[in-house]
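First comes the structure, then the notes that go with it.
The values are calculated or read from the model by the stated rules, or taken from the named source; none is laboratory data. It should be emphasised that the depicted structure is a prediction, and the values quoted were computed from it without experimental measurement. Cβ: placed from backbone, ideal geometry, glycine included. Neighbour counts: every protein chain shown.
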Amino acid sequence: MLRMSFLEHLEELRSRILRMLAGVGVAFVLSLTFCNELWKIVSAPAVGALKTLGYKGLNGGDPTLMQIAPMDYFNIVWVKLPILTAIFIASPWILYQVWAFIAPGLYKRERRWAAPFVICSAGLFVIGGLFGYFVAFRYGLTFLLGLGQSYGVTAMVSMVEYFDLFVDVILGIGLIFEMPVLIFFLTLLHITSPGFLIRHSRYAILAITIIAAVVTPTPDVFNMMLFAVPMCALFYLGIFASYLLVLHRERKKFPWRRTLQWIGAILVIAAIVGYFVAARYGYHLLTHWPFLTR
């Protein structure tokens, strides 16, 4: 293990932060070349939610967001949106710099996890953003905009308020999807262990269920499970990754063949149960958004 003084640690941290900012800056410049196309993608959930609720735009066209101040469009489409896009594009580079800062404090055999760490962390962050965009944000937005519709309230959505909510949801869910990486790191640093997490998993599931019930926009059990199930899966995925790390430390092998057979059987059973549950409550699949409806 490398030994560094406190000032050397600060210098290394400063160097890594500057490299992160440089990577985000390059991605920001690239994002500026397709800002208008990005805005169409970002505003699509709002347009879809308003159309679902029966709103019309000017001359009977698609509904649109409202620009209140003269600088709103410039600030969002040409400044804030490219920054958000740059964070996602540069996430592998950012995570690599995080790993490079931590790596000197690890043993040589543990530094081999660099590539899996960067790939998994960036992949989970992007997958979380996609889940937030295609599932959580769309369902939540339709519910929130329709709350006052039956009481004579007309929805007029400001593009500033809409984009702020969009950033909160996408980044928030993207960070939640980093749960397996966090658990793996805590195990790598000997702060926790798979056994401890399994013994106290009921408390984690309870907390996840409460969080899902709070953030779910409707009282429907199906929608609550839509949030809770992925979060529980991420929690156990993190435990599994930390268990593989412990086995690697003890120079043991994981029984992949038998495990894959069990997983295949469980998936088949889950698919059958899901089919009957969907048929019981009248859900069916679509080839377009929202892909699942009653």
Going by the conditions given, is Pro63 without any contact (Cβ under 8 Å) to a residue 40 or more places away in the chain, crowded, with 17+ Cβ neighbours inside 10 Å and more than 30 Å from Cys120 (Cα to Cα)? yes
Residue check, Val29 in contact (Cβ under 8 Å) with a residue 60 or more places away in the chain, of a type outside the set (Phe, Trp, Tyr) and either surrounded by 14 or more Cβ atoms within 10 Å (Cβ to Cβ) or more than 30 Å from Pro104 (Cβ to Cβ) (or both): no
Quickly run through the stretch 243-271 and pick out the residues that are part of a helix (DSSP H, G or I), of a type outside the set (A, V, I, L, M, F, W, C) and over 23 Å from Thr192 (Cβ atoms). Arg257, Arg258, Gln261, Gly264
Among (1) part of a helix (DSSP H, G or I); (2) of a type in the set (Ser, Thr, Tyr); (3) in contact with a Pro (Cβ under 6 Å, 6 or more places away or on another chain), which single condition is Tyr55 missing? (1)
Among Val167, Val181, which is the only one that is of a type in the set (A, V, I, L, M, F, W, C) and either without any contact (Cβ under 8 Å) to a residue 12 or more places away in the chain or surrounded by fewer than 19 Cβ atoms within 10 Å (Cβ to Cβ) (or both)? Val167
From Ile208, Ile198, residue being at pLDDT 90 or above, in contact with a helix residue (DSSP H, G or I) (Cβ under 7 Å, 6 or more places away or on another chain) and among the β-branched types (Val, Ile, Thr): Ile198
If Thr154 satisfies all but one of (1) among the hydroxyl-bearing types (Ser, Thr, Tyr); (2) in contact with a Pro (Cβ under 9 Å, 6 or more places away or on another chain); (3) within 30 Å of Gln67 (Cα to Cα), what's the number of the condition it fails? (2)
Wholly within the stretch 89-179, which helices (runs of 4 or more DSSP H) include no fewer than the required count, namely at least 1 residues that are at pLDDT 85 or above and within 28 Å of Tyr236 (Cβ to Cβ)? 91-102, 114-131, 159-176
Restricting to the stretch 186-210, and then to whatever is of a type outside the set (A, V, I, L, M) and in contact (Cβ under 8 Å) with a residue 24 or more places away in the chain, can you tell me which residue is surrounded by the fewest Cβ atoms within 10 Å (Cβ to Cβ)? Ser201
